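**Student:** Provided herewith is a single structure, encoded as structure tokens, for subsequent inquiry.
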Amino acid sequence: VIISAPSTLQIACGEAPVQDVAGVWYAENGDINIHAPKGRVRISAMSIDLIATGDGDETGWVSVNANTEFNVEAGNVVVNSDDNISLNSEVMDTNVTGKCEYNVGSFKVIEGGDFFTVPGQGNITMEQFWKSMAKVIGSMG
């Protein structure tokens, strides 16, 4: 079934929602694609939930890809992880006008110059040395 409109297509519902649900778009099998190749996709509501209910291994992901910028603006931003959080970038600027606090069990800063120290001695472990070496080699390509 194809629904087509030469101008704006609008679907209105919700005069009498059932258990606070005014509309459902359900796909028994397969994906749902929303595509606007020459425009934006806007989702607007009082609150928005993105929920992935996969198996936690091969499914259950939420992926966001942007080829220019990814901007987040909020009163508070809270990120929680049961395992790891990684930030990778060529340059990272942190601007804090107030207090910057880290509550950690262990904290290690590896500076660029640490690459040239003897691994396993001084201030870096063998693992940190090899991570630093991979970073230097990766920046050459």
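**Student:** Tell me, what % of the accessible area of the chain is carbon and sulfur with a 1.4 angstrom probe?
**Tutor:** Roughly 50 percent, rounded to a whole number.
**Student:** Continuing with this model, one more query. Phe107 to Asp55: FRET efficiency via 1/(1 + (r/R0)^6), r the Cβ-Cβ distance, R0 35 Å, to the nearest 0.05?
**Tutor:** Plugging the Cβ-Cβ distance into 1/(1 + (r/R0)^6) gives 0.55.
**Student:** In a solvent-free Debye calculation with one equal scatterer on each Cα, what is log10 I(q)/I(0) for the chain at q = 0.10, 0.17, 0.19 Å⁻¹, listed in the order of the q values?
**Tutor:** Treating every Cα as an identical point scatterer, log10 I(q)/I(0) equals -0.70, -1.39, -1.55.
**Student:** What is the calculated FRET efficiency for Glu127 to Asn80, with r their C-beta to C-beta distance and R₀ = 35 Å, to the nearest 0.05?
**Tutor:** Computed FRET efficiency for Glu127 and Asn80 comes out at 0.85.
**Student:** Helix 126-140 sits at what angle to the longest principal axis of the chain, using alpha carbons and giving 0 to 90 degrees rounded to 10?
**Tutor:** Once rounded, the angle reads 70 degrees.
The values are calculated or read from the model by the stated rules, or taken from the named source; none is laboratory data. Predicted model only: the values in this text are computed from it and were never measured. Note that we place each Cβ from the backbone using ideal geometry, even for glycine, and neighbour counts take in every protein chain shown. Only protein heavy atoms, including side chains, enter the accessible area calculation; ligands, DNA and RNA are left aside. Shrake-Rupley method; radii C 1.70, N 1.55, O 1.52, S 1.80 Å.
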